[in-house]
Each structure stands twice: as structure tokens, then as C-alpha cells.
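All remarks here apply to the structure that follows.
The values are calculated or read from the model by the stated rules, or taken from the named source; none is laboratory data. Given the structure is predicted, the values throughout are model-derived calculations rather than measurements. Quick reminder, even Gly has a Cβ in these numbers, built from the backbone with ideal geometry, and neighbours come from all protein chains shown. Just the protein is used for accessible areas: all its heavy atoms, side chains included, with ligands, DNA and RNA removed. Shrake-Rupley method; radii C 1.70, N 1.55, O 1.52, S 1.80 Å.
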Amino acid sequence: MENFTQEHLFVRQKYGTTKQAENIFENMDTSTPNDRMIKFIENLNYFFLATSSKDGKVNVNFKGTKSKKLIKFLDKKRLIFPDFNGNGILHSIGDIESNSNVGLLFIDFSRDIRIKINGKAKVIDHKDVIISYLDLFDSFNFSRLIEVEIDYVIPNCSANLSVVRNSILNL
């Protein structure tokens, strides 16, 4: 599989999870999200975006809004979301400009559901193009969009989410 390196295959063999992983890949389409995944993701108002600069410096950023219209799927292989200025540092945007590989992690702590998407992102900052997408979102307080072409999607193991949720509630 093109989403994995020799190191991924080696550690699966080393730790005895090769058959477990193969079973997942034989029984699941990891190239496109299914309709339930799309509905789940489009109803979240936050997610985590991982990016990396061209020299491998990694960033992970919270992306969120009060609106339920944060992410929209353009089709089964592409999604789009607005990028807000936030603190103005623009880690994600700078990284995407030099390395288009991204990871998105969607979590619903209340239902113990996680979905991971990896893909290639591009920044859309041309005003005429942005205007054509405005009806997809509730907010107009953004100056850029990020479009992601999906390479890989998989439900993430939710085994310990309730433990995390309970720990957070006890802080």
C-alpha cells in the first residue's frame, strides 16, 4: 500500500500485528470515506490538523468554530474548510505551502468515535474562488480555504476515548 513505508511494515511484523492490519485493509475501503463518515465529519465543529514543513518540523493545530458548518465534502475524494487567522502565526498555512501532506483527526468524545484522514492540501486564497464557496459555510470571517484531496481514511481505534473523556472531566 502506498500509504505505508517499509518501516510501517517492519514494525507490524516486529510487534505481531501484520494479520490484524491486513484484516482491516481486506475488509475496508481506506481510499474514500463512506456516507456515515462524511455525515459524522460534516457535523463536527472542530478537528485537529497535522502538518509538516519541508524539512520535517511537525505542527498540530486545533481547528474549530461555533458553527456546525466547518467542513464540507466536495465529493468522496475532496473536502474543504475555512482557515481563520487565529493568532496570526499561520503554522498550518506555511507548512502546506512547502509540504502538502496533512493529517486530520476528527474526534467525538461523547460517542467514542475517531476518524483519521491523510491527504494532500492546498491553500485557496484567491477572492473570486473563495466567494464561490461562501454558501457552504456559516461564517464569512476567513480569508483562506484549505482543500484536502484524500489519500487515506480510517476509523481510529476508540478503545481509550472514554478513559480520556473521564480524565478531562475530572480535571
Which value in deg cm²/dmol, rounded to the nearest 500, describes the helix-derived mean residue ellipticity at 222 nm for the chain, given -39,500 (n - 2.57) per DSSP H run of n ≥ 4 and division by the residue count?
-> -8000 deg cm²/dmol
Note: Arg114 to Ser67 extended length (0.36 nm per residue) minus current alpha-carbon separation gives 14.9 nm
How do 116-129, 95-108 rank on mean C-beta neighbours within 10 Å, highest first?
-> 95-108, 116-129
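For Ile131 and Glu7, calculate 0.36 nm times their separation in residues minus their Cα-Cα distance, and state this gained length in nm to one decimal. Walk me through the numbers on the way to the answer.
Working: separation 124, 0.36 × 124 = 44.64 nm, distance 4.33 nm.
Taking Ile131 through Glu7 to full extension adds about 40.3 nm, to one decimal.
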From a point 7 Å beyond the Cα of Arg78 in the direction of its Cβ, which residues of segment 101-127 have a backbone N at a distance under 19 Å?
-> 101-104, 117-127
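From the square roots a ≥ b ≥ c of the eigenvalues of the alpha-carbon gyration tensor of the chain, which class results: rounded (a/c under 1.5), prolate (a/b over b/c), or oblate?
Details: a/c = 1.65, a/b = 1.40, b/c = 1.18.
Here the chain falls in the prolate category.
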Measure up Lys57/Lys127; Lys76/Lys127; Lys39/Lys72; Lys39/Lys120; Lys39/Lys116 against 19 Å on the Cα-Cα distance and list the ones that go over.
-> Lys57/Lys127; Lys76/Lys127; Lys39/Lys120
May I ask which residue of Ile89, Asn118, Ile130 lies farthest towards the positive end of the charge dipole of segment 78-133, with charges of +1 (Lys, Arg) and -1 (Asp, Glu) on Cβ and the Cα centre as origin?
-> Asn118
All aspartates and glutamates inside 18 Å of Lys77 as judged from Cα atoms, apart from same-chain residues fewer than 8 positions distant | Glu2, Asp29, Asp35, Glu42, Glu147, Glu149, Asp151
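Using the heavy atoms of the protein chains alone and a 1.4 angstrom probe, what is the accessible area of the chain per residue in square angstrom? Display every interim value, and only then the final one.
Values: 10560 Å² over 171 residues.
Result: 62 Å² of accessible area for each residue.
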HN-Hα J in Hz across segment 91-106 - Karplus 6.51, -1.76, 1.60, θ = phi - 60°, x for Gly and Pro | 3, 4, 5, x, 5, 4, 5, 9, 8, 6, 6, 9, x, 10, 10, 10
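How do the peptides 140-147, 82-89 rank, highest first, by the average count of neighbouring beta carbon atoms within 10 Å per residue? Each step should come with its number before you reach the end.
Numbers: 140-147: 15.9, 82-89: 13.4.
Listed from highest to lowest mean packing, they are 140-147, 82-89.
Please find the FRET efficiency linking Phe140 to Gln20, where r is the Cβ-Cβ separation and R0 is fixed at 35 Å, and quote it to the nearest 0.05.
Working: r = 46 Å, r/R0 = 1.31.
Rounded to the nearest 0.05, the efficiency is 0.15.
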Roughly how many debye, to the nearest 20, is the charge dipole of segment 37-167 about its Cα centre, given +1 on each Lys and Arg Cβ, -1 on each Asp and Glu Cβ, and no other charges?
-> 320 debye
Can you pull the percent of the chain's accessible area that's carbon plus sulfur, 1.4 Å probe, other chains left in place?
-> 52 percent
Classified through the alpha carbon gyration tensor (a ≥ b ≥ c as square roots of its eigenvalues; rounded if a/c is under 1.5, else prolate when a/b is larger than b/c, else oblate), segment 1-57 comes out oblate
Please state the charge dipole magnitude for segment 60-127, taken about the Cα centre, from unit charges on C-beta atoms (+1 on K and R, -1 on D and E), reported in debye and rounded to the nearest 20.
-> 380 debye
